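Scroll down for the structure; my scribbles are underneath it.
The values are calculated or read from the model by the stated rules, or taken from the named source; none is laboratory data. These numbers come from a predicted model, not from an experiment. Positions of Cβ are generated from backbone atoms using ideal geometry, with glycine treated the same way; all protein chains shown enter the neighbour counts.
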């Protein structure tokens, strides 16, 4: 029996945020029902020569909360019927604070034991800029309600917004700490093609690289002082509350995706479902090449604070980290960007800010 992660993409939102390039759109009850039945069918008919058991199940989006607890419960049931759940299986649902009518008890009854909340900011002017429907007081009430049921709550923040000061960022970070969040994800605002922000990018007064780095380091410092482990470039947690599903991605482990635009990595192959409802209903799948190469493994591992370890690399490839990788990494020790030890290679927090350039150099 092999454990595997399962991802469900829920492509529905009541409106599109101006920074978002994920596949999503509004939907009525009929489409929600049709989608749910299609996901259930694709789960139950998934064919494999191996015996698989899900140890993580993640509802991402979009806004998974929009399909309602009963539909989530039916999808969880189908996943359990097909794979079965390993003891302690982590089942996550992304939710937005604007969904004030969420019945947390019924959500937990559906099997969900972890929620990821799209807070983004605790400053109302920043929330308005980001096109979010909730405001900070609504988010506070939402999280208080969630805490009566869930002890594993993750909050999303967005940093490096136009006009964002350290004081504004501090208020948002302190809001997360005071809420008792077990996990915090903090993402630097990126202007993606095809978004509203991309069309008006020339008018956005975004902070420069140095200012962005200062905000990032400031956030890291506050969270570290308050007991959060910076375990991945954009992710922080209380001890033992890492996102086990997302760790599968960063450890280059296998996972299966269901729903339009969902990606999978299984038996050395990557593939995805097109971001189109009708193509999803028709069962279309697009091959996306081989996965699990040494370069891919190194790139993903270096996103983690533990970095690229001799032990994990050897377990997968049967040999130690290539000496050429170690030699290239040593050039970044003096500037304080990389640590190189007999146990492996890892980036510092300063190195995280320029991770793409460092990783590209290591893998050239």
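Among the residues of the stretch 259-269, what is the count of those that are part of a strand (DSSP E or B) and surrounded by fewer than 18 Cβ atoms within 10 Å (Cβ to Cβ)?
Qualifying residue count, the stretch 259-269: 3.
Got a sec? Which of 260, 287 is in contact with a strand residue (DSSP E or B) (Cβ under 9 Å, 6 or more places away or on another chain) and under 26 Å from residue 158 (Cβ atoms)?
260 is the lone residue from the list that is in contact with a strand residue (DSSP E or B) (Cβ under 9 Å, 6 or more places away or on another chain) and under 26 Å from residue 158 (Cβ atoms).
So, in the stretch 201-232, how many residues would count as being within 14 Å of residue 19 (Cβ to Cβ), without any contact (Cβ under 8 Å) to a residue 24 or more places away in the chain and in a loop (DSSP other than H, G, I, E, B)?
0
Yes or no: the stretch 51-58 includes at least one residue that is in contact (Cβ under 8 Å) with a residue 12 or more places away in the chain and under 28 Å from residue 132 (Cα atoms).
Yes: one or more hits.
Please go through the stretch 233-258 and give me each residue that is in contact with a helix residue (DSSP H, G or I) (Cβ under 9 Å, 6 or more places away or on another chain), more than 25 Å from residue 11 (Cβ to Cβ) and part of a loop (DSSP other than H, G, I, E, B), ordered by number.
Passing the criteria: 233, 251, 252.
Among the listed residues 21, 55, 33, which satisfies the condition of being assigned by TED's automatic domain parsing to the domain that holds residue 73, over 20 Å from residue 114 (Cβ atoms) and within 20 Å of the chain's Cα centre (by Cα)?
Working: 55 fails: over 20 Å from residue 114 (Cβ atoms); 33 fails: within 20 Å of the chain's Cα centre (by Cα).
Going through 21, 55, 33 in turn, the sole match is 21.
Any residue that is closer than 24 Å to residue 244 by Cα, crowded, with 22+ Cβ neighbours inside 10 Å and under 22 Å from the mean Cα position of the chain (by Cα) - is there at least one of those in the stretch 169-178?
yes
Restricting attention to the stretch 294-342, report how many residues are assigned to a loop (DSSP other than H, G, I, E, B) and over 25 Å from residue 254 (Cβ atoms).
8
Select from the stretch 167-186 the residues that are in contact with a helix residue (DSSP H, G or I) (Cβ under 8 Å, 6 or more places away or on another chain) and more than 16 Å from residue 226 (Cβ to Cβ) and list them in ascending order.
Matches in the stretch 167-186: 168 only.
Rundown of residues vs (1) modelled with pLDDT of 95 or more; (2) more than 22 Å from residue 24 (Cα to Cα); (3) surrounded by 20 or more Cβ atoms within 10 Å (Cβ to Cβ), yes/no style:
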residue	(1), (2), (3)
194	no, no, no
209	no, yes, no
238	yes, yes, no
245	yes, no, yes
257	yes, no, yes
271	yes, no, no
274	yes, no, no
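Quick check, is residue 287 more than 27 Å from residue 239 (Cβ to Cβ) and either assigned by TED's automatic domain parsing to the domain that holds residue 160 or buried (at least 18 other Cβ atoms within 10 Å of the Cβ) (or both)?
Answer is no for this residue.
State whether the residues of the stretch 330-347 include one that is buried (at least 18 other Cβ atoms within 10 Å of the Cβ), in contact with a helix residue (DSSP H, G or I) (Cβ under 9 Å, 6 or more places away or on another chain) and under 30 Å from residue 75 (Cα atoms).
No, the stretch 330-347 has no match at all.
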